[in-house]
Amino acid sequence: MELQALPSRIGQVRRIVSAQLRYWRMASLIDRAALGVTELLTNVHRHAEPDKTCTVEIELLLDRLLVSVRDHDPRLPVLDDADPLATSGRGLALVAAVSKSWGVRPDGESGKVVWFSLETASPRPVRPAEPPLRTAGEKPALRFTGVECVVDLGRPHSAPARSAVAG
């Protein structure tokens, strides 16, 4: 989802991420994902130059949720120790504390991506292997669903469920 990182939009993104995680049956990740995306968007709002335009992506992988925020400011954030009496400056420390991992990488010539991952309770189930039911000479087809590759051996199947965060 592309948006302007304004305070009014940050709450909307938090609700969208929460709804998507409920849809994926990952409600146990909502609090940490919402906190992390709030902190990253707040950093864009406070620090990004020349504009506040950013893109938020969430991706459910086999064993983790990946949340990333891309903006147009090439300056990379630094994890600092905030003064105990400071009223700000703890955003990345909070992201680091609630996530399995986090990082930042340059994105093109003018921008960056800040991301964090949350471990899911257990790996998502993979469809059990079944004996092939195909005619002689028929080759299996590959079907890509998100980050998973599923080999279709000719059994009838329904279309994979797909979700996209829209804003």
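The values are calculated or read from the model by the stated rules, or taken from the named source; none is laboratory data. These numbers were taken from a predicted model, which means no experiment stands behind them. Heads up, the Cβs are rebuilt from the backbone with ideal geometry, glycines too, and the neighbour counts pull from every protein chain shown.
Please count how many residues of region 31-66 are of a type in the set (V, I, T) and over 17 Å from G111 (Cβ atoms). Before you say what the answer is, go through the steps one by one.
Of region 31-66, the ones of a type in the set (V, I, T) are 37-38, 42, 44, 53, 55-56, 58.
Of the ones still in play, those that are also over 17 Å from G111 (Cβ atoms) are 37-38, 42, 58.
Number satisfying all stated conditions: 4.
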Qualifying positions in region 7-25 - within 18 Å of T53 (Cα to Cα) and without any contact (Cβ under 8 Å) to a residue 40 or more places away in the chain: P7, S8, R9, I10, G11, R14
Index of the failed condition, W102 passing every other in (1) over 15 Å from V114 (Cα atoms); (2) crowded, with 16+ Cβ neighbours inside 10 Å: (1)
Residue within region 76-95 that is under 14 Å from the mean Cα position of the chain (by Cα) and at pLDDT 90 or above present: yes
Output for region 7-37, where each listed residue is surrounded by 13 or more Cβ atoms within 10 Å (Cβ to Cβ) and not in a helix (DSSP H, G or I): W24, M26
